[in-house]
Amino acid sequence: MPIVSLDQKKKRVSFSEFATENDIVFSYFDKLAVSERDEAVLRALYIGVLAMMEDRFSAFLAKTSNELGTELESLKRIFDMKQELFYKTSIKGVAAEEDVLEHLRTFFDASRIKDTVELTGNSTGNLKRNKTGDLLCKVNGDDDIRIVIECKLSKSIRMGDIASRDVFSRKSDTAWSQLIEADANRSGKISILVLDAEIADAALQKDVGHLKYISGVGFVVIVNSQKGDYRNLEIAYLLARDIAAKANVVELDEDLLCFMISALVRDITSIRSIKNLVQQNIDNNKKILGELEKSILLLEFHEKYFSKFLKEGVFTKEDMLSFYNGENVSERYKIIEKEILGVGG
């Protein structure tokens with residue numbers, strides 16, 4: 001049975017189980033953490049395929065060196081294949097981070113900015129088991145003035161404005177959450193979320209435009225990595241740099257703080273009073289509903305015996321006893337009462 005199989009319809013390559021006893025391969029993976037090995041396999045496959053493609057096309061170009069048009073067409077095919085592989089593998093996230101890293105270093109050098117930038121990799125930050133914040137920039141190398149950059153190549157990211165946030169809905173990553181989380185996780189002064197124009201959600205791109213600043217939260221930036229266009233990131237970084245460098249610790253006025261807390265307590269008390277009124281209404285409505293159900297049961301009970309008397313013309317002593325004792329009306333009401341009490345918790 002072959003190791004490699006292709007699904008032509010889905011354009012998918014599948015691999016059956018296989019093993020290798022190659023010393024070099026074993027030595028490489030033995031040095032990696034268990035959590036890093038799957039990604040390393042994808043990287044190795046990606047790089048290997050590109051290397052094989054380069055060899056094949058290099059030989060082809062050597063044989064057709066006098067045919068410039070053919071050479072350009074071949075180079076275009078190499079680029080198209082590389083682009084396709086990039087978007088169809090999980091390596092795209094790592095590649096995006098590395099591209100941003102290299103571009104920022106080049107930008108810093110060209111602009112004579114003495115900031116530093118480094119990948120955080122698989123390291124966790126301040127939050128437990130959290131790796132949000134892909135790149136960490138230090139303004140003038142100062143560890144106390146940090147700009148955190150999160151790269152997100154995903155179509156599912158929405159803006160997630162706090163004004164429309166539903167805390168009871170299923171949690172999902174949003175631009176707001178990623179910016180706040182990156183700052184908290186990497187002790188940043190401000191954060192930047194980088195999205196790719198060819199992948200990001202269309203509605204979000206329309207909202208953001210080229211870049212958008214969310215006051216007190218950070219910047220959302222749209223770049224085009226396949227075209228090497230990071231101009232929006234450069235602008236956002238310079239703005240973020242000024243904000244981070246000039247950020248001051250807010251000095252709270254004690255009287256103002258007491259006033260704000262008093263207002264908050266007042267509002268909480270008011271809300272609790274409203275809740276109590278609603279609960280009282282629920283309790284009263286339960287009592288009313290209970291009395292209505294009793295009346296309905298009694299009417300049904302009376303209707304039964306009146307119908308019996310009118311039909312048969314007699315009312316036996318047994319009937320009189322059942323009528324006097326109310327037959328099983330009480331037991332029936334207990335079941336209904338239990339259901340009524342369960343309404344509204």
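The values are calculated or read from the model by the stated rules, or taken from the named source; none is laboratory data. In this text the structure is predicted, and so the values were computed from the model without any measurement. Here the Cβ is made from the backbone with ideal geometry for all residues, glycine too, and neighbour counts use every protein chain on show. For accessibility, only protein heavy atoms count, side chains too; no ligands or nucleic acids. Shrake-Rupley method; radii C 1.70, N 1.55, O 1.52, S 1.80 Å.
Tabulated results
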| item | result |
| --- | --- |
| Chain lengthening between residue 319 and residue 274 when straightened (0.36 nm per residue, less Cα-Cα) | 11.1 nm |
| Net charge over other residues, Cβ less than 13 angstrom from the Cβ of residue 227 (K, R count +1; D, E count -1) | -3 |
| Accessible surface of segment 90-249 [probe 1.4 Å, protein heavy atoms]: carbon and sulfur percent | 49 percent |
| In nm, spacing of pseudo-spin labels at residue 34 and residue 129 (7 Å Cα→C-beta vector) | 1.4 nm |
| With every protein chain in place, segment 293-345: carbon and sulfur % of accessible area (1.4 Å) | 62 percent |
| Pairs beyond 30 Å (Cα-Cα), from 304/334; 155/275; 9/131; 128/155; 155/189 | 155/275; 9/131 |
